[in-house]
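Worksheet: the structure to be examined is printed underneath.
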Amino acid sequence: APTARELARTRASAAAPSAGDPPEPERVLSATALAHVRHTEVLSAGALEAYADCPVKWLVERELRPDRFEPEPEAIARGSYMHDVLEQLLARLGRAVTPESLPEALRILEDVVAELSPRIAPGRTERLRRAAAKTIAADLRRYLEHEAATGCGWDPQRLELRFGFQDEQASLPALELGEGPERVAVRGAIDRVDIDPAGGRAVVRDYKSGRARPDQQGGRWSRDRRLQVALYMLAVRGLLGLEPIAGLYQPLGGGDLRARGVFLEGAPVGGELVANDARDPEGLAAELEDASARAIALAARLRAGELTPCPVTCSRDGCRYPGICRVT
């Protein structure tokens, strides 16, 4: 710009809304409201992802948490039930699911399904709930057969590994990211950590009850605001002293059971992963550094109380709470 005045005009023009619309009012939580926010000291990976999608969605779902008029969504109930079944199954099996251990794993699956009361199909008859449980058992049987045929054979030594829950005796400490005023404490619950028998290396797995989604691909983590598995990998490194060579979202349904995420190229993490998810050592380190930087930046915005609505990324169907957000 030739003059300071022209520079100021250019900057004002760039910041102005399109089509001459009046600027949106600044949306920030007051100091009084911020004092009641739970996620200022210790943040969960899920809360950070919700805030990245839309700060208003985070406020409603993670802070206000209004009571639902309807039962728990079927997908959530199904996922919780599948997690419980797999946790109990693997704990009883006590080793990796391989061709040799598969028959025992399938027997244990039948026992766990028979013992564990299904919390699915709310409002339905007991017979329908049992039928739904059998459908889920069939999906889990297919998954166990897939893992036996393609898995790396490392024992799942850590199941539902919790960190950052200060009121739980069995919990590990929180994951610490950043330094000084930017320091972030993160908590979470890792579905499963498979550990190399030789020691020192680990594979992080996060179960998803449905089919694989595009945003679970490692190449889309940053663009689609995914953080959970990357932060879990950092937790395994920082809290267990293990080197995470893979972080994978494992679908339990759908036609394609291949896990998606990132893995170290050439590492023995299983025989059926997608080549595009492979990273060299520098690339894998860069993925984790990017996730750490994004988590720190999101935490700073959250602590400042920023509530800029993001209806485009709030959900796959747009704004989830238009009555509160008032932005279309």
Legend entry - Considering residues of segment 232-267 that are assigned to a strand (DSSP E or B) and of a type in the set (A, V, I, L, M, F, W, C) only, the residue nearest to residue 86 (Cα to Cα): 248
Inset, instruction - Being at pLDDT 95 or above, open to solvent by less than 30 Å² (accessible area, probe 1.4 Å) and either in contact with a His (Cβ under 7 Å, 6 or more places away or on another chain) or under 14 Å from residue 143 (Cα atoms) (or both) narrows it down to one of 105, 47, so name that one. - result: 105
Legend entry - Tally, over segment 206-224, of residues that are under 16 Å from residue 46 (Cα atoms) and hydrophobic (A, V, I, L, M, F, W, C): 1
Legend entry - Odd one out for residue 159, checked against (1) in a loop (DSSP other than H, G, I, E, B); (2) among the hydrophobic types (A, V, I, L, M, F, W, C); (3) in contact with a strand residue (DSSP E or B) (Cβ under 8 Å, 6 or more places away or on another chain); (4) open to solvent by less than 80 Å² (accessible area, probe 1.4 Å): (1)
Legend entry - Residue in segment 245-266 that is modelled with pLDDT under 95 and of a type in the set (Val, Ile, Thr) present: no
Inset, instruction - List every residue pair whose Cβ atoms sit under 9 Å apart, with the two residues 6 or more apart in sequence or on different chains, where the first one lies in segment 45-58 and is under 10 Å from residue 320 (Cβ atoms) and the second, anywhere, is among the small types (Gly, Ala, Ser). - result: 53/315; 54/315; 57/50; 57/315
Inset, instruction - Would you mind listing the strands (runs of 3 or more DSSP E) fully within segment 166-226 where at least 3 residues are buried (at least 19 other Cβ atoms within 10 Å of the Cβ)? - result: 184-195, 201-208
Inset, instruction - Quickly run through segment 271-285 and pick out the residues that are at pLDDT 95 or above and surrounded by 13 or more Cβ atoms within 10 Å (Cβ to Cβ). - result: 277, 278, 279, 283, 284
Legend entry - Hits in segment 250-270 (condition: open to solvent by 40 Å² or more (accessible area, probe 1.4 Å) and farther than 14 Å from residue 202 by Cβ): 255, 256, 258, 265, 266
Inset, instruction - For residue 89, indicate whether it is under 17 Å from residue 147 (Cα atoms), of a type in the set (A, V, I, L, M, F, W, C) and either crowded, with 18+ Cβ neighbours inside 10 Å or touching a residue at least 24 places away in the same chain (Cβ under 8 Å) (or both). - result: yes
Inset, instruction - Looking only at segment 121-131, decide whether some residue is under 30 Å from residue 322 (Cβ atoms), in contact (Cβ under 8 Å) with a residue 40 or more places away in the chain and surrounded by fewer than 12 Cβ atoms within 10 Å (Cβ to Cβ). - result: yes
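The values are calculated or read from the model by the stated rules, or taken from the named source; none is laboratory data. These figures come from a predicted structure and were not determined experimentally. We place every Cβ from the backbone using ideal geometry, glycine too, and count neighbours over all the protein chains shown. With ligands, DNA and RNA removed, areas are computed over all heavy atoms of the protein, side chains included. Shrake-Rupley method; radii C 1.70, N 1.55, O 1.52, S 1.80 Å.
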